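The structure appears below as structure tokens.
The values are calculated or read from the model by the stated rules, or taken from the named source; none is laboratory data. The shown structure was predicted, so the numbers you read here are calculated from the model rather than taken from an experiment. Counting neighbours? That spans all protein chains shown, and the Cβs are built from the backbone with ideal geometry, glycine included. Heavy atoms of the whole protein, side chains included, go into the accessibility calculation; ligands, DNA and RNA do not. Shrake-Rupley method; radii C 1.70, N 1.55, O 1.52, S 1.80 Å.
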Amino acid sequence: MLNKKSVDDINVKGKRVLVRCDFNVPLQDGKITDENRLVAALPTIQKLIKDGGKVILCSHLGKPKGEPKPELSLAPVAVRLTELLGQEVKFAKDETVVGPNAKAAVEAMKDGEVILLENTRYRAEETKNIDTFSQELASLADVFVNDAFGTAHRAHCSNVGVTKYVETSVVGYLMQKEIDFLGNAVNNPERPFVAILGGSKVSSKISVINNLLDKVDTLIIGGGMAYTFMKALGEEVGKSLLEEDYLDYAKEMMAKAEEKGVKLLIPIDTVVGKEFSNDTEFKTVGRGEIGPEWEGMDIGEKTRELYADAVKDAKTVVWNGPMGVFEFSNFAGGTNAVAKALAEIDGTTIIGGGDSAAAVNILGYGDKMTHISTGGGASLEFLEGKELPGVAAANDK
Ligand code: AMP
């Protein structure tokens, strides 16, 4: 079990505390369109303010590819954080992130004040974890707090490199929560334990499927990757997404499930469309009945019932990936049905970030879930059983 030092284990009074947050929020015309990630970061920031730290926030936003891009500046985040915290979050505007302006701003800080640095990915070194930028970041701080679960699966300067140059590195509350929920679910689940995997490709979820088959009682497959499993069983899948190279893998996984006594469910009916568009003609067909001109777009109505029934008595459910092309309203029914089924059960429900988290929030089921991960890629790697560099870099208790 991971046992990392957290913000509860340190004294930050009068110290400069660099906090790596995940402020990678969607922006439209300079406006933040979903502020969940900002709200999720507040408990750690508030704790550090209360304890009298000098709180220096940093994050990446989008992919500026190592150079300043004004449309990806964190300036709007500073404005919104000021409102959310009810105290000024000064924006240390600096194209080099740790330039004269940022240094002067840190120098002038009083205990309990907060500043936000510019987008860390303005610097080309950031994603390559090159020491020079890590050292610059560390020069601003006495203590480092990592609260950015969304990037924990990457070793970058601002979440991993920097820990080499500060004495103390701990995790924040958000990171701690992610480690606790995902860690407990995977390593110590209350049973029955059901995992639901969807999304487009088998190839991107190979290790997850393999790892989860060692842990779960039931594994439910939906989304584009289901067709590779159907094809592996000798069924025709028409124009549906298919990864020919993974047919053997799908067979192996089905054999592994059988050997381990894991129930592996794949769709018993499918909503198929003529074209890949929302307005296309569509219908529901049974198992093995996808015609050559048709493309699987969503799980069918019977499958929705089957999957809802399979999670009904579960004590732990982990879900990652949509059941169909949920971006098109005509093909969002399967994803919605799974979200609804999870909202109605008593067991622990953990949503593994990305599309499934978005679907749950859009449908208004957010507060019905036990935990919605803030990191799609990171939660996936957690489910793969991998060590996340951003977590590993924090000091052990
Ligand atoms: P991933 O990034 O692998 O989690 O996949 C998410 C994407 O899978 C979403 O954009 C969905 O539209 C897509 N997806 C889900 N089901 C299907 C399907 N049946 N055919 C094509 N794409 C799908």
Practice task
Report ³J(HN,Hα) in whole Hz for each residue of region 260-271, in order, from the Karplus equation J = 6.51 cos²θ - 1.76 cosθ + 1.60 where θ = phi - 60°; Gly and Pro get x.
Solution key: 8, x, 8, 7, 10, 9, 10, x, 9, 8, 9, 8
Handout entry: Spin-label proximity, ASN395 to region 98-139 - amide N less than 18 Å from point 7 Å beyond Cα toward beta carbon
Key = 138-139
Problem - Contour minus Cα-Cα distance for ALA104 and ILE362 (0.36 nm per residue) - result: 88.7 nm
Handout entry: Unit Cα scatterers, Debye sum, region 7-173: log10 I(q)/I(0) for q = 0.11, 0.12, 0.13 Å⁻¹
Key = -0.37, -0.44, -0.52
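Using only DSSP helix segments of four residues or longer, with each worth -39500 (n - 2.57), what per-residue ellipticity at 222 nm results for the chain after dividing by its residue count and rounding to 500? If you can, show how the numbers build up before the last one.
On the way: 13 runs with 130 residues, N = 397.
Value at 222 nm, helices only: -9500 deg cm²/dmol.
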Practice task
Treating the Cα atoms of the chain as identical point scatterers in vacuum, please give the log10 of the normalised Debye intensity I(q)/I(0) at q = 0.08 Å⁻¹, two decimals.
Solution key: -0.46
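Counting only protein heavy atoms and a 1.4 Å probe, tell me what percentage of region 181-383's accessible area is made up of carbon and sulfur. Mind showing how you got there, number by number?
Numbers: 3810 of 8320 Å².
Carbon-and-sulfur percentage of accessible area, whole number: 46.
Among DSSP beta bridges whose residues both lie in the chain, state the antiparallel percentage, nearest 5. Mind showing how you got there, number by number?
On the way: 12 of 51 bridges.
Bridges in the chain are about 25 percent antiparallel.
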Exercise for the section: At 7 Å along the Cα-to-beta-carbon direction for both GLN135 and ASN184, put a label point, then send me their distance in nm to one decimal. Expected result: 4.3
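Classify region 181-383: rounded, prolate or oblate, from the alpha-carbon gyration tensor (a ≥ b ≥ c, eigenvalue square roots; a/c under 1.5 rounded; otherwise prolate if a/b is larger than b/c)?
Numbers: a/c = 1.75, a/b = 1.26, b/c = 1.39.
The shape class here is oblate.
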Completion exercise
Note: region 152-275 at 37 °C, 0.692 mPa s; Kirkwood Rh on alpha carbon pairs; Stokes-Einstein D in µm²/s works out to 194
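I'd like to compare 298-308, 34-44, 247-257: which one has the highest average count of other Cβ atoms within 10 Å, and what's the full order after that?
Details: 298-308: 21.5, 34-44: 18.5, 247-257: 16.4.
Peptide ranking by packing, descending: 298-308, 34-44, 247-257.
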Exercise for the section: Can you pull the one-decimal nm distance between simple spin-label points at VAL79 and LYS13, each 7 Å off the Cα toward Cβ? Expected result: 3.8
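Using a 10 Å cut-off on Cβ atoms, rank the peptides 147-153, 338-344, 194-200 from the highest mean neighbour count down.
Details: 147-153: 28.4, 338-344: 21.4, 194-200: 24.9.
Ranked by mean Cβ neighbours within 10 Å, highest first: 147-153, 194-200, 338-344.
Computed FRET efficiency, Cβ-Cβ of SER203 and GLU258, R0 30 Å: what is it to the nearest 0.05? Could you put the intermediate results ahead of the total?
Working: r = 22 Å, r/R0 = 0.74.
The value I calculate is 0.85.
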Problem - Pairwise centroid distance, computed over Cα atoms, of region 156-177 with region 1-77, Å - result: 12
Fill in the blank from the handout: Per residue, accessible area of region 7-173 with a 1.4 Å probe, heavy atoms of protein chains only, in Å², comes to 42
Handout entry: Reachable lysines from LYS110, criterion Cα separation under 25 angstrom, eight or more residues apart if same chain
Key = LYS13, LYS15, LYS47, LYS50, LYS54, LYS90, LYS93
Problem - Options GLY354, SER240, LEU265, ranked by Cα towards positive dipole end of the chain, top entry (Cβ charges) - result: GLY354
Exercise for the section: First compute the accessible area of region 1-65 with a 1.4 Å probe, then give the percent of it belonging to carbon and sulfur atoms. Expected result: 45
Fill in the blank from the handout: Restricted to pairs 8 or more residues apart or on different chains, the lysines in region 272-392 with C-alpha atoms under 20 Å apart form a number of pairs equal to 9
Exercise for the section: Treating only the Cβ atoms of Lys and Arg (+1) and Asp and Glu (-1) as charged, compute the dipole magnitude of the chain about its Cα centre; round to the nearest 20 debye. Expected result: 1060
Handout entry: Ordering of 263-271, 383-391 by packing [mean C-beta count within 10 Å, highest first]
Key = 263-271, 383-391
